[in-house]
């Protein structure tokens, strides 16, 4: 399917409270993308006031628990929170049952979600389910790729947009962009940079409809788990530049 500006694509946005998801969501809103639904991990931060006062949506670390919900409310976009439970099956089943009664969007767009989506949700949109991953896949698959790129002192980072599939971070790649690390960038600043560029890439794809899927080279794939406390240690053999970049980027 090829979309154009006269028939804009509809999008279901999936993410979690936090800078990365908010930055991507904010870009979609700023560019007038038709977002039909927002699905977020975690619990709702609290009831919104009946009358909304003017809110500045500049991204600040202490505002992330509610900023996506507030911005969605401002655009009259329904938000579903999934909570935090060990057995998610019931919640997923209820959500999938609910969305089957709703006109499916053209796309599902995922920007930072902590678990694998069920097949019913991946297959829900009329066109594609696309994930934004903050590394140049197939390298640095896993839940915190930015941390490991900083720890390994990579000179470049980047983003990948790929199709969701049976395996995490392994679907065919639709779009990639490489970027150098800004000197002295904090983790928040890096998240904003990567999420913004990823969302812009997603907008480019859905407005042109020009999708070319490229299978990932499994021989080049790497995977890193969630970092542990010991992984935050600065090693004595690191250069001062490496240590500074790591400390700032994981702050």
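What follows draws every value from the coordinates through simple rules; no lab data is involved. Keep in mind it's a predicted model, so treat the numbers as computed, not measured. Cβ placement follows ideal geometry from the backbone for every residue including glycine, while neighbour counts extend to all protein chains displayed.
Helical content alone sets the calculated 222 nm signal of the chain at -9500 deg cm²/dmol, taking -39,500 (n - 2.57) per DSSP H segment of four or more residues and averaging over every residue.
Of the peptides 127-137, 186-196, 238-248, how do they stack up when ordered by the mean number of other Cβ atoms within 10 Å, highest first? Walk me through the numbers before you get to the answer.
Values: 127-137: 23.3, 186-196: 20.1, 238-248: 14.4.
Averaged packing, sorted descending, gives the order 127-137, 186-196, 238-248.
For the chain, the longest principal axis of the Cα atoms and the long axis of helix 19-30 meet at an angle of about 50 degrees.
From the coordinates of this entry, Cα extents along the principal axes in Å is computed, and it appears in (1) 45, 41, 38; (2) 57, 43, 39; (3) 74, 35, 34 under the label (2). Helix 64-74 axis versus longest C-alpha principal axis of the chain: approximately 30°, rounded to the nearest ten. Note on residue 241 and residue 152: the model spin-label points, each 7 Å out from Cα along the C-beta direction, lie 1.9 nm apart. Label sites at residue 167 and residue 43, each approximated as a point 7 angstrom past Cα along Cα to Cβ, lie 3.7 nm apart.
Look at where the Cα atoms of segment 90-111 and of segment 138-212 average out, and the two centres are 24 Å apart.
Spin-label model, residue 210/residue 30: points 7 Å from Cα along the beta carbon direction are separated by 2.4 nm. Principal-axis analysis of the Cα atoms of the chain puts helix 187-208 at an angle of about 50° to the longest axis.
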